[in-house]
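What follows draws every value from the coordinates through simple rules; no lab data is involved. Just so you know, these numbers come straight off a predicted model, no measurement behind them. Neighbour counts are summed over all protein chains in view; Cβ atoms, including those assigned to glycine, are modelled from backbone coordinates with ideal geometry.
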Amino acid sequence: MAKEGAQRAEETEQMIEKEGGQEAAEGSAGGSGRAADAKEMRAVVLSAFGGLNKLRVSKRLMPEPREGELKVRVKACGLNFLDLMVRQGNIDNPPKTPLVPGFECSGIVETLGDNVKGFEIGDRVMAFVNYNAWAEVVCTPAEFVYKIPDDMSFSEAAAFPMNFVTAYMMLFEVANLREGMSVLVHSAGGGVGQAVAQLCSTIPNVTVFGTASSFKHEAIKDSVTHLFDRNADYVQEVKRSSPDGVDIVLDCLCGENTGKGLSLLKPLGTYILYGSSNMVTGETKSFFSFAKSWWQVEKVNPIKLYEENKVIAGFSLLNLLFKQNRSGLIKNVMDKLINLYNNKKIKPVVDSLWALEEVKEAMQRIHDRGNIGKLILDVEKAPTPLVSD
């Protein structure tokens, strides 16, 4: 039965691809009202929520910009842990499949939609995209697009928006980081973790406590003040160095780490939840893992927060951008971050470059927590051939 089910799933995926190709062909022939010269592009398509086998590169109809949008010829795309959760359907209100994943990219402006100001064809840009980033061409509103500094590469630009805006917003807009404070950040070797460490270094006398897999310690030891193994009792380790705890906890893990983070806060300290990677334990969504992580979360008592003078907060950059219409705020933050980059205070850490066709292997590397910094899908990169021994 399991074998038959797998065969049916494979047949369904092939039908989806075939239908997508037929739609593109009809579009190119004007069969459904599209222009006769409509073009196709390569894109990573998620056929259904689940494992890595639900991802493949397919031909899709190339989008054209609507009013207020830019059409960008993509050079590089950012790959985030959130994309792994999207693939599993492990998010609130997931969109319908098939879909093209991805929320950030860099490239060259190819076409301007009506009423777009401040950009020209040929501009090098980085952008937030509400899905559809993992493709050769994307269209996105101009308010989500930013010009790339002259000496920033396309791969660096694709590694910049999500990680650095998230880190900056949490540290400075939510937690009000100031001189002499202390910060605990989980997954210190990841894209956000490295952005947090760099931004903390721009403020005098900030102590950064980080947790990461032990094999990453040698590579990232200089970016944080104190580094602990992610599986160790970091609460006691932190308290040995700082008996009073820390001012800011940045938690992308959730589960039991919520209670630990709150217990480490100093009076007037801020705990910020910005992810829940502990809910991902296997290749596909697991109700057991979700339930276990949820029940490990300390049930927050407002009276206890009041008595202990502690702040608990959450942060979702994509909701802020696409659901809560705060693009103006994000634009101001991007201006500050680009200024820091130009002054050589911060620099994106790129772990590795992958072809679109290698997206499964890239996503597995994130799942295994093997990356130091950001994984990038390089649209122009050819897949690396397998070398036999």
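Key figures
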| item | result |
| --- | --- |
| Karplus (6.51, -1.76, 1.60) ³J(HN,Hα), θ = phi - 60°, over the range 356-368, in Hz, Gly and Pro reported as x | 3, 5, 9, 4, 5, 5, 5, 5, 5, 5, 5, 4, 7 |
| Extension gain, GLN236 back to LEU52 (0.36 nm per residue minus Cα-Cα distance, nm) | 62.5 nm |
| Gain on full stretching of the segment that runs from THR384 to GLU308 - 0.36 nm per residue minus C-alpha separation | 21.9 nm |
| Potential extension, PHE172-GLU256 segment - 0.36 nm per residue separation minus Cα distance | 27.7 nm |
| Gyration tensor verdict on the range 163-322 (Cα atoms; rounded if a/c is under 1.5, prolate if a/b is larger than b/c, oblate otherwise) | rounded |
| Peptides ranked, highest mean first, by Cβ atoms within 10 Å: ranges 372-385, 221-234, 70-83, 135-148 | 70-83, 135-148, 372-385, 221-234 |
